[in-house]
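So the structure is just underneath, and the comments pick up after that.
The values are calculated or read from the model by the stated rules, or taken from the named source; none is laboratory data. Nothing here was measured: the structure is a model prediction, and the numbers come from that model. Here Cβ is always computed from backbone atoms with ideal geometry, including for glycine, and neighbour counts include all displayed protein chains. Note: accessible area is taken over every heavy atom of the protein model, side chains too, but ligands, DNA and RNA are not part of it. Shrake-Rupley method; radii C 1.70, N 1.55, O 1.52, S 1.80 Å.
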Amino acid sequence: MKYFFSILTLFILISCTSSNSEDTEIQNPTSLTPTIQSISTSSTNIGDTIIINGQNFNPNENYIITFNGTKGQITEITSTTISVKVPVGTTSGQLQFIVNGKTVNAGYITINGTNRLFAYKQFGQVVELNSATGVETKTLVYGLESDFLTELKYFAPTNEIIGQGIKPNNNGINPFKLFKVKLADKTITEITYAGYDQLIVTTTGKLYGYKLYEGIIQLNPNTGSEIGNLINTGSDQLYGLIYNPQTNEIMGDKGILDNNGKNIHKLCKIKLSDNSITENIYYGYDELIPATNGKLYAYRATKKIVELNPVDGTEIKTLINISAEHISQLTYFPQTDQIIGKKIIYNNGIATYKLLKFNLTNNTLSENTIIKDDYDYFIVTD
């Protein structure tokens, strides 16, 4: 009998020990301390997303990430990574990880130079503007060889504003030139080249040209010569081509006529990783406005600024209704998370030009900043 009770006692002890062991294994994953191993970069821009690498992160935990005291927007958490967007107003300083009241320094983050705003006035002037006041702070270049510039873009790898120059000659021929001005020393280069209907610059440092009714081809940014093969986009015209950094796509509006003569708009997207093309019927917009965080905004003729789904072009939501006419040159300004552009008001035939600013953080509109001229382009540096 004693032998029987000894075995029974041993069985109970083993059972209890086994049960406690299983409970410990289940509870451990949520109680493990998160640790930081590295960050994806020590130098970044406002609006960019950085990755914090580590172990034991909990997707259900309420973490706080700050950049020199400014709270970042966490976009994704996995067990080994935290993705966080660099917020507007960030300055260089410590990246800090806060959980349950405890703060850990993850490293020093340098915020690159602030965004600068440039504008082009017809026939010879590229000027820098104060993005808050609209005042011209300096004339960058004047008296260009080309009489008129179009397709002005910022090219980050060489810190240049590039575009297309046109100078008619006595034979009635308009030779095209690739125009470049270095922001560091204002030196100007103009190279005779084929000329394109649109120029597209990527954040990866590539330059593309659009040939009307043909397609898109990569260009050498130093010489303007064509490199690679033509991406055939069909015989229908593309408008308003922009680059989406989140998806590495060139996208634009393709207008076609159906069998009944009705005008149909398609969002045409060219994925640069494999040159594949997708098209979706959508509303059609006057301007597409890509943000550095991958979001896509648009301005439509019914006087709205909307957010679009960058996958298929459907409207996610209306951000603001704008009753005024004569709005154009809309572009994204990362430093203040604003869409900026030009507004023209006519009073007795006299035009007044204003810098339109729409704050995407709180959906507020400012249109009281007077600007000096009827600028043809706004160019924002990274």
Next item on the list: Can you check what the net charge comes to around I173, using other residues whose Cβ is under 14 Å from the Cβ of I173 (Lys, Arg +1; Asp, Glu -1)?
Entry: +1
Next item on the list: Tell me which residues come under 5 Å, amide H to amide H, from L238 once H is placed; ignore anything under 5 positions away on its chain.
Entry: Y213
Notebook entry, point to check: With Cβ to Cβ distances under 12 Å as the rule, what net charge do the other residues near T189 carry (K, R +1; D, E -1)?
Noted result: 0
Next item on the list: Quick one, can you get me the convex hull of the C-alpha atoms of region 194-349 expressed as volume per residue in Å³?
Entry: 161
Next item on the list: Provide the FRET efficiency to the nearest 0.05 for the I350-T103 pair, computing r from the beta carbons and using R0 = 56 Å.
Entry: 0.45
Notebook entry, point to check: Out of I270, I305, I77, any idea which swings most in a Gaussian network model of the chain, alpha carbons joined below 10 Å?
Noted result: I77
Notebook entry, point to check: In region 127-223, with Lys and Arg counted as +1 and Asp and Glu as -1 at Cβ, which of these residues, T223, A194, T137, has the Cα nearest the positive end of the dipole, that is, farthest along it?
Noted result: T223
Margin query: Just the number please: accessible area per residue for the chain, 1.4 Å probe, all protein chains included, in Å².
Written below: 51
Margin query: Helix 2-31 against the longest principal axis of the chain: what's the angle in degrees, Cα atoms only, rounded to the nearest 10?
Written below: 20
Margin query: Using only the alpha-carbon atoms, what does the chain span along each of its principal axes? Please give whole angstrom values in decreasing order.
Written below: 120, 51, 44
Note to self: Assuming 0.36 nm per residue, please report the length gained on full extension of the stretch S366 to K303 beyond their Cα-Cα distance.
What the structure shows: 21.1 nm
Item checked: Debye, to nearest 20: dipole size of region 276-382, +1 on Lys, Arg Cβ, -1 on Asp, Glu Cβ -> 340
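For an R0 of 25 angstrom, estimate the FRET efficiency from the Cβ-Cβ distance between I173 and N220 and round to the nearest 0.05.
Efficiency at R0 = 25 Å is approximately 0.60.
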Note to self: For a 32 Å ceiling on Cα separation, which of these pairs sit above it: K211/K295; K85/K372; K186/K304; K71/K266; K180/K354?
What the structure shows: K85/K372; K186/K304; K71/K266
Notebook entry, point to check: Percent of accessible area on the chain owned by carbon and sulfur, 1.4 Å probe?
Noted result: 49
Note to self: Quick query: amide H of V135 versus all other amide H atoms, modeled in the peptide plane; which residues come in under 5 Å with a sequence gap of 5 or more or a different chain?
What the structure shows: N130
Next item on the list: Let me know the charge dipole size of region 36-165 about its Cα centre in debye, to the nearest 20, where only the beta-carbon of Lys, Arg (+1) and Asp, Glu (-1) is charged.
Entry: 420
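Defining a contact as two alpha carbons under 8 Å apart and six or more residues distant in sequence, what relative contact order in percent does region 124-271 show? Could you put the intermediate results ahead of the total?
On the way: 308 pairs, mean separation 16.9, N = 148.
Worked out over region 124-271, it gives 11 percent.
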Check: Which value, in nm² and rounded to one decimal, describes the direction-averaged projected area of the C-alpha convex hull of region 262-353?
Finding: 8.1
Check: With contacts defined as alpha carbon pairs under 8 Å and 6 or more residues apart, what's the relative contact order of the chain in percent?
Finding: 10
Next item on the list: Starting at the first residue of region 302-309, write each ³J(HN,Hα) from the Karplus equation 6.51 cos²θ - 1.76 cosθ + 1.60 with θ = phi - 60°, in whole Hz, x for Gly and Pro.
Entry: 7, 6, 9, 9, 10, 9, 10, 6
Checklist line | Only Lys, Arg (+1) and Asp, Glu (-1) charged, at Cβ; the chain dipole about Cα centre in debye | finding: 560
Checklist line | Projected label distance in nm at N68 and I316, using a 7 Å step from Cα toward the beta-carbon | finding: 2.8
Check: Counting Lys +1, Arg +1, Asp -1, Glu -1, what net charge surrounds I64 among other residues with beta carbon under 12 Å of its beta carbon?
Finding: +1
Margin query: Could you sort the peptides 35-41, 306-312 by per-residue average Cβ neighbour count (10 Å cutoff), highest mean leading?
Written below: 306-312, 35-41
